[in-house]
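Let me begin by presenting the structure, written as structure tokens, before commenting on it.
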Amino acid sequence: MPIIRPSSDLRNNYNEISTLCHKTKKPVYITKNGTGDLAVMSIEHYEVLADKYELYKKIEEGIKSLEEGKTYSSKEVFDEINKILEEDVNG
């Protein structure tokens with residue numbers, strides 16, 4: 001069940017809302033004049049969601065490539081991975 005709080009709580013009870021976000025690892029929905037306005041979440045939760053979004057985008061790109069017939073041999077894949085790893089090591 002979502003946690004819903006009025007916008008005045010964001011101003012008056014910031015620490016409580018922050019604790020809720022960190023403790024539950026879920027967003028707190030903020031209303032303004034009784035209508036949904038914002039979702040507040042911890043940085044950690046936001047980063048997890050952002051990472052998942054990036055992963056899903058990459059998976060979608062991969063599926064699209066497969067559908068378009070763009071495939072690579074295992075040698076090409078490992079060569080590219082090794083190239084990336086070498087760039088990371090060498091800066």
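Values as computed for the structure displayed
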item: Counted residues, the stretch 32-91 - those being within 20 Å of the chain's Cα centre (by Cα) and over 30 Å from Ser8 (Cα atoms); result: 12
item: Neighbours by Cβ (under 8 Å, 6+ apart or cross-chain): first from the stretch 39-51, closer than 11 Å to His22 by Cα; second of a type outside the set (A, V, I, L, M, F, W, C) and in a helix (DSSP H, G or I); result: Ser42/Ser18; Ser42/His22; Glu44/His22
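Results for (1) in contact with a His (Cβ under 6 Å, 6 or more places away or on another chain); (2) over 30 Å from Pro6 (Cα atoms); (3) modelled with pLDDT under 95, shown as yes or no for each residue.
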position: Asp37; (1), (2), (3): no, no, no
position: Met41; (1), (2), (3): no, no, no
position: Glu44; (1), (2), (3): no, no, no
position: Lys52; (1), (2), (3): no, no, no
position: Lys58; (1), (2), (3): no, yes, no
position: Gly69; (1), (2), (3): no, yes, yes
position: Ser73; (1), (2), (3): no, yes, yes
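The values are calculated or read from the model by the stated rules, or taken from the named source; none is laboratory data. Small disclaimer: the values here were computed from a predicted structure and weren't measured. We place every Cβ from the backbone using ideal geometry, glycine too, and count neighbours over all the protein chains shown.
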